[in-house]
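Here's the structure we're looking at; comments come further down.
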Amino acid sequence: MSEKMKNIYYPIDAEVVDVVTETSTIKTFKFKLSEPLKFRAGQFVQLTVPGIGEAPFTPSSEPGESTDLEITILRTGRVTDYLHDFIKPGDPVGIRGPFGEGYPFDKFKGKTVLVVGGGVGLAPMRAGIYGLFQNIDDYKRVSIKFGARTPNDFCFTDEFDTWAKKPHTDLKLTIDRPFPGWTGTVGVVTVLLDDLDVDIEDTYVISCGPDIMLKFVTLKLLDLGFDPFHIYLSMNRRMSCGFGKCHRCNIGPYYICKDGPDMCYGEIMNYPNVFG
Amino acid sequence: MPFLYLSKDGLKELLSKLYDWGELFWVDGSFEGKPRLARATKEAIAKYEVPALRGVEPVKSLVIPPKQKVAEYPGNLDKDIEIAPKKRAIFGIAQCDLAGITIFDRVFKDDPEFVDPFYVERRKGLFIVTIDCAKAYPSCFCNLVKGKPFCDPGDGYDLNLTPVEDGFLVDVGTPAGEELLKGTGASQATDSIIAGRDKLRAKVTAQLEKQNAQFATEKTYIELVSEVREEPASYRHHGSTCVECGACTNVCPGCFCFGIYDNDAGDGRYERLMTWDSCQLAGFSRMAGMLNPRLRIAQRFMHRYNHKFFHYPWRYEGWPSCTGCGRCVDNCMGSIDMRATLRDLTVESVEDMLPSPSPKVAEPEAGK
Ligand SMILES: Cc1cc2nc3c(=O)[nH]c(=O)nc-3n(C[C@H](O)[C@H](O)[C@H](O)COP(=O)(O)OP(=O)(O)OC[C@H]3O[C@@H](n4cnc5c(N)ncnc54)[C@H](O)[C@@H]3O)c2cc1C
Ligand code: SF4
Ligand code: SF4
């Protein structure tokens, strides 16, 4: 009477092939998976550090199907500290996923896409940006606004020039406070929304960053007249399973893991504690 | 299938057959006071008594153990796992416990995308005998949450028993149930025995309606909880005596939230454990940097009610994930009565609310 079933809790084996230091607190880990993983932009995975535990991350590498995967990680606690302090090329890890819906790129066709990221939020946004670049002519325009504390806190700086040269794409940066040698914009990321030159009614926004940033970006966008249903936020919530069972990550009846992690603000705005 | 009559001797016969068929657990009414969940022994069959009310413990540990190993890694050893359902029977559970299993089924077994193989393994081999409640605890409120003190065909039992004069009326739910009933001397039930069942059901239902009248609301609990957006004062008022022990979620037949933890298993291998968790504890939703979207007790309190009466029914065709068994009421260290909290959801002023902590609800006098 026995039968075979997939074990949804099992991580597929992967090996660390490279670790790149992005900033003093952020590293990109490159993995080789024992079998290909197929994910859409915005979907996330659970990364297992053997014996230490799992934590959810959105890959920062190009969406699609591959045995190569990159994740860019900020050190902030048990699992992430261990990754930063001890994990080196050759070490085994595990990957479970992908989970979540990912970005609704279909809705963005023919529209302007405004990409707003802050801090380590740039990491998940990179998969989103690569995803947009895969069919760049589907969109009217892609406008990227990134913020970080100092110029040294941006990751992927060596790619910024390439991004800005893509068709109908522009990229603007800002840092929180004046910094020696920085001649660009100063102020939190919302200052880049001050003189927005997009057709607001025809624009969708995707945003990722700390809760506090998401909050002020959202308030600013609403102030500018954006439709709450045009704003997609990468929500941060504690997660265990990743597939809508453990009931930690909900906002209202929605599961961030299953229905997100990029949630349409219009759908969640009436529920308590959206921004923590 | 016609209704059958089973004598008290026939019941012992059925229990012996179940004992030989597989692993047998039962809710035993022969304990002093309240019926308890226990593993059956051959010797105890002779003095087993059917329970008049639900067991003290929920039966959820039989389908979701408090702690279980769900993976061992590295090495793609158990990505696809062999499941071999074991024959296991639970005898004498009430409707509120069967409804609890149905709550889990929707999440772990019937999900179109992510099916839990460990749950399926336990669930597939499970043989369920339900029994109608002959009494109700003062804390029971199944009648307020789409439940009832008895089971109907379609609820998912293999056999359902109703205590009637000198024996039991049996309703057969599955072919497996029919098979196990063979050789127990079960015979066609007479009309008067069936009438006895209807009388018992009506009596207990009336008792529930009476004891819960003070908690009844015009709108259903699901409507009330689902409509609320701002944190109602009721959650602060009734939640104020919560000491965060987590008893309410542990004893609940409808609570299934869990955590996943990894351990070193030695020899370069690691094991992944799935354990019960409780949304009433602060760590449940704490994130990196000590951020916590449910930092205050009232927020976590609201979350538990929301899950049971809003999020779950929203996802699963209007079914709540509370079966009204009243165990959380009986076991709360802070004497919090879920019904009082729900009844007061739309009450604005604390003066108009039921007292906190909740006084014990008196059982209505027998026969009234
Ligand atoms: C969908 C999603 C995508 C993410 N993508 C990235 C990313 O690309 N890069 C990055 O650096 N960070 C990302 N995060 C945040 C990252 O998951 C947390 O920083 C990480 O879980 C912290 O784990 P820890 O063990 O180091 O921290 P601890 O504080 O020790 O946390 C212990 C446990 O809490 C849980 N937890 C803690 N913080 C969070 C959180 N913010 N979200 C969810 N669970 C949490 C985890 O299960 C973790 O194992 C993402 C979070 C989510 C939900
Ligand atoms: S919430 Fe309380 S009454 Fe409802 S099923 Fe759980 S323990 Fe029983
Ligand atoms: S049983 Fe009562 S005191 Fe314990 S966590 Fe639940 S509500 Fe709080």
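The values are calculated or read from the model by the stated rules, or taken from the named source; none is laboratory data. The model shown is predicted, which means the values in this text are computed figures rather than measured ones. Here Cβ is always computed from backbone atoms with ideal geometry, including for glycine, and neighbour counts include all displayed protein chains. Please note that ligands, DNA and RNA were not included when accessible areas were found on the heavy atoms of the full protein model with its side chains. Shrake-Rupley method; radii C 1.70, N 1.55, O 1.52, S 1.80 Å.
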How many of the residues making up segment A:22-64 are more than 14 Å from every other protein chain (Cβ to nearest Cβ) and over 30 Å from A:Ile136 (Cβ atoms)?
1
Filter segment B:281-299 for residues that are more than 30 Å from B:Val59 (Cβ to Cβ) and outside any loop (DSSP other than H, G, I, E, B) and give the result.
B:Ala288, B:Gly289, B:Met290, B:Ala298, B:Gln299
Since B:Thr205 meets every condition but one in (1) of a type outside the set (Gly, Ala, Ser); (2) surrounded by fewer than 21 Cβ atoms within 10 Å (Cβ to Cβ); (3) in contact with a helix residue (DSSP H, G or I) (Cβ under 9 Å, 6 or more places away or on another chain); (4) in the same structural domain as B:Cys328 (by TED's automatic domain parsing), which condition does it not meet?
(4)
Got a sec? Which of B:Ala94, B:Ala89 is away from every other protein chain (no Cβ under 14 Å), touching a helix residue (DSSP H, G or I) at 6+ places or on another chain (Cβ under 9 Å), open to solvent by less than 30 Å² (accessible area, probe 1.4 Å) and closer than 16 Å to B:Glu121 by Cβ?
B:Ala89
Restrict the check to segment B:62-79 and report whether at least one residue is among the acidic types (Asp, Glu) and closer than 25 Å to B:Gly266 by Cα.
yes
Mind listing just one residue for me: the one in segment A:248-262 that is crowded, with 24+ Cβ neighbours inside 10 Å and in contact with a Phe, Trp or Tyr (Cβ under 8 Å, 6 or more places away or on another chain) and, of those, nearest to the other protein chains (Cβ to nearest Cβ)?
A:Arg248
In the set B:Ile297, B:Ile222, B:Ile260, which member is at the interface with chain A (Cβ under 9 Å from one of its Cβ atoms) and among the β-branched types (Val, Ile, Thr)?
B:Ile260
Confirm whether A:Leu193 is aliphatic (A, V, I, L, M) and surrounded by fewer than 22 Cβ atoms within 10 Å (Cβ to Cβ).
yes
Return the residue satisfying two criteria in turn: it lies in segment A:8-30 and is charged (D, E, K, R) and part of a strand (DSSP E or B), and of such residues it is surrounded by the fewest Cβ atoms within 10 Å (Cβ to Cβ).
A:Asp18
Out of the residues in segment B:263-291 that are farther than 17 Å from A:Pro56 by Cβ and under 22 Å from the mean Cα position of the chain (by Cα), state the one that is nearest to the other protein chains (Cβ to nearest Cβ).
B:Cys279
Where A:Met5 falls short, out of the listed (1) touching a helix residue (DSSP H, G or I) at 6+ places or on another chain (Cβ under 9 Å); (2) at pLDDT 95 or above; (3) within 13 Å of chain B (Cβ to nearest Cβ); (4) surrounded by fewer than 20 Cβ atoms within 10 Å (Cβ to Cβ):
(2)
So which residues in segment B:46-77 are open to solvent by less than 30 Å² (accessible area, probe 1.4 Å), within 9 Å of another protein chain (Cβ to nearest Cβ) and part of a loop (DSSP other than H, G, I, E, B)?
B:Gly75
With the requirement that a residue be assigned to a helix (DSSP H, G or I), open to solvent by 70 Å² or more (accessible area, probe 1.4 Å) and closer than 17 Å to B:Ile297 by Cα, what does segment B:215-242 give you?
B:Arg236
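Here's the yes/no breakdown for (1) more than 16 Å from ligand 3 (Cβ to nearest atom); (2) part of a loop (DSSP other than H, G, I, E, B); (3) more than 21 Å from B:Asp337 (Cα to Cα):
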residue: B:Asp262; (1), (2), (3): yes, no, yes
residue: B:Met274; (1), (2), (3): yes, no, yes
residue: B:Cys279; (1), (2), (3): no, yes, no
residue: B:Phe301; (1), (2), (3): no, no, no
residue: B:Arg304; (1), (2), (3): no, no, no
Just name the residue that is farthest from A:His168 (Cα to Cα) out of those in segment A:117-146 that are within 16 Å of ligand 1 (Cβ to nearest atom) and part of a strand (DSSP E or B).
A:Gly118
For segment A:65-82, how many residues meet the condition of being in a strand (DSSP E or B) and more than 9 Å from every other protein chain (Cβ to nearest Cβ)?
9
Within the set of pairs 6+ apart or on separate chains, which have a first residue in segment B:230-250 that is more than 11 Å from B:Pro357 (Cβ to Cβ), a second that is in a helix (DSSP H, G or I), and C-beta atoms under 6 Å apart?
B:Glu231/B:Met302; B:Ser234/B:Thr341; B:Tyr235/B:Ala298; B:Tyr235/B:Phe301; B:Tyr235/B:Met302; B:Arg236/B:Ala298; B:Ala247/B:Asn331; B:Cys248/B:Cys328
Based on what the data block shows, is B:Phe310 within 25 Å of the chain's Cα centre (by Cα), within 11 Å of chain A (Cβ to nearest Cβ), surrounded by 20 or more Cβ atoms within 10 Å (Cβ to Cβ) and over 16 Å from B:Met338 (Cβ atoms)?
no
Suppose the filter is modelled with pLDDT of 95 or more and within 16 Å of ligand 2 (Cβ to nearest atom); does B:Cys279 pass it?
no
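Just name the residue that is surrounded by the fewest Cβ atoms within 10 Å (Cβ to Cβ) out of those in segment A:203-232 that are of a type in the set (A, V, I, L, M) and within 14 Å of another protein chain (Cβ to nearest Cβ).
Filtering first and then ranking leaves A:Ile212.
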All but one of (1) surrounded by fewer than 21 Cβ atoms within 10 Å (Cβ to Cβ); (2) more than 16 Å from ligand 1 (Cβ to nearest atom); (3) among the aromatic types (Phe, Trp, Tyr) hold for B:Tyr261; which doesn't?
(2)
Candidate set: segment A:83-111, residues that are within 21 Å of the chain's Cα centre (by Cα) and assigned to a helix (DSSP H, G or I); chosen: the one farthest from the other protein chains (Cβ to nearest Cβ):
A:Phe108
Does A:Leu173 satisfy being open to solvent by less than 60 Å² (accessible area, probe 1.4 Å) and either assigned to a loop (DSSP other than H, G, I, E, B) or in contact with a Phe, Trp or Tyr (Cβ under 6 Å, 6 or more places away or on another chain) (or both)?
yes
Determine whether segment B:317-328 contains at least one residue that is assigned to a helix (DSSP H, G or I), within 14 Å of another protein chain (Cβ to nearest Cβ) and away from ligand 3 (no atom under 15 Å from the Cβ).
no
Could you grab the pairs with beta carbons closer than 8 Å, sequence gap of 6+ or different chains, first residue in segment B:182-197 and free of Cβ contacts under 8 Å to residues at least 12 places away in the same chain, second one open to solvent by less than 50 Å² (accessible area, probe 1.4 Å)?
none
Please determine, by comparing only the residues of segment B:179-198 that are open to solvent by 20 Å² or more (accessible area, probe 1.4 Å) and either among the β-branched types (Val, Ile, Thr) or within 25 Å of the chain's Cα centre (by Cα) (or both), which one is farthest from B:Cys96 (Cα to Cα).
B:Thr190
